[in-house]
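Asker: Sharing a structure, written as structure tokens. Questions coming.
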């Protein structure tokens, strides 16, 4: 499709006349208008935009449309004219001639509409723009073929000029001017100035019956339009006739004297200087333009019968698009040829040349398809360009002649895009490509291209006076000098940012555009660096274009265009002017910039835009701000400057708007509620809520700010009084104080009377009580003697208890010594383990009480090493007895027979325990067996053959854990060898113990553990004293199994101490703890 369009542009329209237009914003039913058929657009004295349509009227504030129709109070939905009178009433002129007006946020109907119906016969509407209301309240208007009507405030009326078929008039400061066309087929014109008849001789024209229009020009001339002609009346006598070639339906003169003529189905014509003999600017050539205004910000509004409203913030910005003959929507780069014509590159193998004679010449790059022009470089009479395929050149002859095809001279760029070009010394051209950096000569056929780097993406090139080349890359700045590459972060770390544009500002000062970090200014002589970003006033921090013009630096960003006076390095405030969509740009994306004298050219993704930099107004009025709604406790309230509310009317919501159509509803607001806070608060929303305000005096102040930082000249100020509740009023407080004083006085008097009576009672009571006290003293003396005797008795009993406690403790400590004697000693353990070649082991033994219910057993029989860890029933003294029985039974079993099976040892141990404790089942009830004595023990017993390293294990409720030797980088994991789920002792379902046989190897670790460690309570207070648990114990062992066994013992001990005492709370030990670890 693009290629077909390029062909049409080249061969059907070889030279296209400049037909650019400003960028208009469209408002239609999609945006909230009640209809796209708009008869007039109007701005009232406050700044609101009004549109009258065939479906009612609409009020626009830059944010949204507020629509009014018959349901809102209009007598007729078809409204064709709007007028604001001296008092601020907005009058609506409908097709039915029944008047209404908008005042104080409501629609009111004109009280004499019935009179209008009587005096206006038929259905002829009022002449457009003929309506006027004097300061005395006289309503006047013209009716076609009926004359000029005036209605007084009391309803009386008069009619003048009844002999005329057509009438139109104009009011100005000097008085009333009425233009009347006479009754005839060929219309003749006369006018009345302050009621004085002034004919215009020899003036007549044929008419089709169109409505006449009149407007006053800046030079005092009057324009009178009917049908397709406009008459310029000079001094009420001489006349100039102007043909418009379309039916005129609107006339408007702006504040600069420009004349706007709206036509039927031929758009609008704009005569910039008011000279109707000059060539006008012509917009919307297929639409009917029914109304034109210039608003207070300098924006232009157009109303149409087909597509609603159109708005542009500035006429100076003219944009060339594909509708104007461009071959592509996106323009990639710009340059100026030797003859000062603008060149625009595209991505469709085309270069456009904007000629001085207002023609656009299209040059096709004939020898290459799908060519993407990335950049231009002008050297002498030749234009060089970098593309996605090669570097090419266009001779000046092609640019001067009327040729539309360029026979290219080019040099291949090693299958990479040439993104930027730089003129080097003598005959050199530096090349920055998507993956290369090098240089070639200007006459491509006479030299060979040299590449110095084949893996660098060059986004920008610039050179300094010393022969160094600055290279902008996605990874920051690089410097090429004397055949070497230097990274830019050696100058400053900020040069790690992506550098997209570079420009030499002379005297050793360079500007670097970045993507994301704003603009960088470098003084390479003094090594000074300055960073300028959006915080300093730029429209954005991604720089897309740089252009220097004198002391001005033009900066393109992804968010608009900037003009900055080149600052000194000592400056902290920068003079920056911004150009964005709000000021007239078609888009905020700027691809390139070129300046020709006063004209600024911009390449963007929306075409080519031009404007005169000296004619663009930078003076914008500050936005006014208005209150749109005031809600009290979710109920709408009439709009006023002050309110007095009751104490329970304290939930307030303010709806407001600042008017700025350039900013299109993107204003910032700041407000404060004095009485609540004196601090200004900023917001971007147009509603503020104050819930549950206490009673008091408040002043709500609101200011709107536009993008230039200008504030509303007249802040919105609302005074609010919230009355206190009646119980907090002064009169209520006074009454309450009087009542309190009266009550206090009465209370004092009653109290005095009561005290006198109580005094007499107390005197009698004292006498009686004195007698009682004497008797009580005697009783107390007797009780004291008894208490002393009881104290002596208690002290004697205390001494006896303490003596018995010492005896019991002594006995328990003696039992502890006996138990320690029974357990293997440290020397025995060391010698026993050393004898079988096992020297790395530990035993962690922590009894809960003096005597332990846990015990460990280690014995050697020939090549067998027998190890057991047992947990007897209970702890303390009972557990101690059981542990000594267990140790004795194990010695007895091992002494009387040779150990061939670990399970056999536990079977024999169970028999010994049952026999010694006389444990027999009670079989009185076959469904429930109760044991007479359920004492016993849980035990893990292993028999290790120290020669073959075969391990036998039998367990009664207690498992063992084995850590195999780790190989390579594999983690060390514990293997649990499960026991039989039965104790050593009587049990409901007794069966022989299982003999587990395992083959170990050197380096393996065996752990035998009672249940005291994992059942210990501890942790933080939030854990509420939870158990340590087996899973956590396994994690501790796996984490530290690579340490020596002694260090493992210390780690286990420290972990348990931390668990019990390390969280700000001391947990008591709940059971005996025994852990035995042996490394094979």
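The values are calculated or read from the model by the stated rules, or taken from the named source; none is laboratory data. For clarity, every value in this text was computed on a predicted model and none was experimentally measured. Don't worry about glycine lacking a Cβ; one is built from the backbone with ideal geometry, like all the others, and counts go over all protein chains shown.
Asker: Considering region 599-620 alone, what residues qualify as being within 23 Å of residue 708 (Cβ to Cβ) and either assigned by TED's automatic domain parsing to the domain that holds residue 716 or free of Cβ contacts under 8 Å to residues at least 24 places away in the same chain (or both)?
Answerer: Within region 599-620, 614, 619 meet the criteria.
Asker: Now, a different point. Quick check on my filter: what residues within region 65-86 are part of a loop (DSSP other than H, G, I, E, B) and in contact (Cβ under 8 Å) with a residue 40 or more places away in the chain?
Answerer: 85, 86, listed by residue number.
Asker: Taking the condition under 35 Å from the mean Cα position of the chain (by Cα) and not in a loop (DSSP other than H, G, I, E, B), does residue 616 pass?
Answerer: For residue 616, the condition - under 35 Å from the mean Cα position of the chain (by Cα) and not in a loop (DSSP other than H, G, I, E, B) - is not met.
Asker: If I ask for residues that are under 13 Å from residue 452 (Cα atoms) and surrounded by 19 or more Cβ atoms within 10 Å (Cβ to Cβ), which ones from region 421-436 would you list?
Answerer: Within region 421-436, 430, 431, 432, 433, 436 qualify.
Asker: How about region 301-317: which of its residues are more than 19 Å from residue 583 (Cβ to Cβ) and assigned to a loop (DSSP other than H, G, I, E, B)? Show your work before the answer.
Answerer: The initial filter retains those residues of region 301-317 that are more than 19 Å from residue 583 (Cβ to Cβ), namely 303-309.
Matches in region 301-317: 305, 306, 307, 308.
Asker: State whether one or more residues within region 841-856 are within 60 Å of the chain's Cα centre (by Cα), part of a strand (DSSP E or B) and touching a residue at least 12 places away in the same chain (Cβ under 8 Å).
Answerer: Pass one, region 841-856, residues within 60 Å of the chain's Cα centre (by Cα): 844.
From the residues that got through so far, the ones that are part of a strand (DSSP E or B) too are 844.
Those still in the list that are touching a residue at least 12 places away in the same chain (Cβ under 8 Å) too: 844.
So far as region 841-856 goes, yes, one or more of its residues are within 60 Å of the chain's Cα centre (by Cα), part of a strand (DSSP E or B) and touching a residue at least 12 places away in the same chain (Cβ under 8 Å).
Condition check ((1) surrounded by fewer than 22 Cβ atoms within 10 Å (Cβ to Cβ); (2) modelled with pLDDT under 95; (3) in a strand (DSSP E or B)) across all residues:
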{"position": "506", "(1), (2), (3)": "yes, yes, no"}
{"position": "510", "(1), (2), (3)": "yes, no, yes"}
{"position": "513", "(1), (2), (3)": "no, no, yes"}
{"position": "529", "(1), (2), (3)": "yes, yes, yes"}
{"position": "539", "(1), (2), (3)": "yes, yes, no"}
{"position": "543", "(1), (2), (3)": "no, no, yes"}
{"position": "555", "(1), (2), (3)": "no, no, yes"}
{"position": "561", "(1), (2), (3)": "no, no, yes"}
{"position": "568", "(1), (2), (3)": "yes, yes, no"}
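Asker: The conditions are (1) modelled with pLDDT of 85 or more; (2) surrounded by 13 or more Cβ atoms within 10 Å (Cβ to Cβ); (3) farther than 22 Å from residue 960 by Cα, and residue 812 fails exactly one of them. Which is it?
Answerer: All conditions are met except number (1).
Asker: Scan (1) at pLDDT 90 or above; (2) touching a helix residue (DSSP H, G or I) at 6+ places or on another chain (Cβ under 9 Å); (3) farther than 30 Å from residue 567 by Cβ for the single condition residue 471 breaks and write down its number.
Answerer: Condition (3) is where residue 471 drops out.
Asker: Next question. With region 247-300 as the region, which strands (runs of 3 or more DSSP E) entirely inside it contain at least 3 residues that are modelled with pLDDT of 90 or more and crowded, with 18+ Cβ neighbours inside 10 Å?
Answerer: 248-253, 259-263, 268-271, 289-294
Asker: Right, something else. Does region 707-723 include one or more residues that are out of contact with any strand residue (DSSP E or B) (no Cβ under 6 Å at 6 or more places or on another chain) and in a helix (DSSP H, G or I)? Spell out how you get there, then give the answer.
Answerer: Filtering region 707-723 for residues out of contact with any strand residue (DSSP E or B) (no Cβ under 6 Å at 6 or more places or on another chain) gives 707-710, 713-714, 723.
Now restrict to residues that are in a helix (DSSP H, G or I): none.
Within region 707-723, none of the residues are out of contact with any strand residue (DSSP E or B) (no Cβ under 6 Å at 6 or more places or on another chain) and in a helix (DSSP H, G or I).
Asker: Looking only at region 700-717, decide whether some residue is surrounded by 11 or more Cβ atoms within 10 Å (Cβ to Cβ) and without any contact (Cβ under 8 Å) to a residue 40 or more places away in the chain.
Answerer: Yes, there is a match, as at least one residue in region 700-717 is surrounded by 11 or more Cβ atoms within 10 Å (Cβ to Cβ) and without any contact (Cβ under 8 Å) to a residue 40 or more places away in the chain.
Asker: Residues 758, 763, 768, 779: which one is surrounded by 10 or more Cβ atoms within 10 Å (Cβ to Cβ), at pLDDT 80 or above and assigned to a helix (DSSP H, G or I)? Give the derivation first.
Answerer: Numbers: 763 fails: surrounded by 10 or more Cβ atoms within 10 Å (Cβ to Cβ); 768 fails: surrounded by 10 or more Cβ atoms within 10 Å (Cβ to Cβ); 779 fails: surrounded by 10 or more Cβ atoms within 10 Å (Cβ to Cβ).
Selected residue: 758, the only one of 758, 763, 768, 779 that is surrounded by 10 or more Cβ atoms within 10 Å (Cβ to Cβ), at pLDDT 80 or above and assigned to a helix (DSSP H, G or I).
Asker: Has region 621-642 got at least one residue that is touching a residue at least 24 places away in the same chain (Cβ under 8 Å) and within 30 Å of residue 547 (Cα to Cα)?
Answerer: yes
Asker: Still on this structure: Listed residues 835, 746; which is free of Cβ contacts under 8 Å to residues at least 60 places away in the same chain and either in the same structural domain as residue 870 (by TED's automatic domain parsing) or closer than 30 Å to residue 1013 by Cβ (or both)?
Answerer: 835
Asker: Please work out which one of (1) modelled with pLDDT of 90 or more; (2) closer than 24 Å to residue 841 by Cβ is the condition residue 1071 fails and give its number.
Answerer: (1) is the only condition that residue 1071 fails.
Asker: Given the condition at pLDDT below 80, over 50 Å from the mean Cα position of the chain (by Cα) and in a strand (DSSP E or B), answer yes or no: does some residue in region 407-425 qualify?
Answerer: Yes: one or more hits.
Asker: Okay, next question. Considering only region 913-944, how many residues are over 20 Å from residue 989 (Cβ atoms) and either part of a loop (DSSP other than H, G, I, E, B) or at pLDDT below 90 (or both)? Can you show your working first?
Answerer: Here is the first cut: in region 913-944, the residues over 20 Å from residue 989 (Cβ atoms) are 916, 918, 940-944.
Those still in the list that are either part of a loop (DSSP other than H, G, I, E, B) or at pLDDT below 90 (or both) too: 916, 918.
Residues in region 913-944 being over 20 Å from residue 989 (Cβ atoms) and either part of a loop (DSSP other than H, G, I, E, B) or at pLDDT below 90 (or both): 2 in total.
Asker: Which residues, counting only those in region 98-127, are assigned to a loop (DSSP other than H, G, I, E, B) and surrounded by fewer than 21 Cβ atoms within 10 Å (Cβ to Cβ)?
Answerer: Selection gives 98, 104, 105, 110, 111, 112, 120, 121, 122, 123, 124, 125.
Asker: Where the second residue is in a loop (DSSP other than H, G, I, E, B) and surrounded by fewer than 17 Cβ atoms within 10 Å (Cβ to Cβ) and the first is at positive phi and touching a residue at least 24 places away in the same chain (Cβ under 8 Å) and lies in region 649-678, which pairs have Cβ atoms under 8 Å and are six or more apart or on separate chains?
Answerer: These pairs meet every condition: 665/63.
Asker: For region 865-906, enumerate the residues that are in contact with a helix residue (DSSP H, G or I) (Cβ under 9 Å, 6 or more places away or on another chain) and over 21 Å from residue 917 (Cβ atoms).
Answerer: Hits for region 865-906 are 865, 866, 897, 899, 901.
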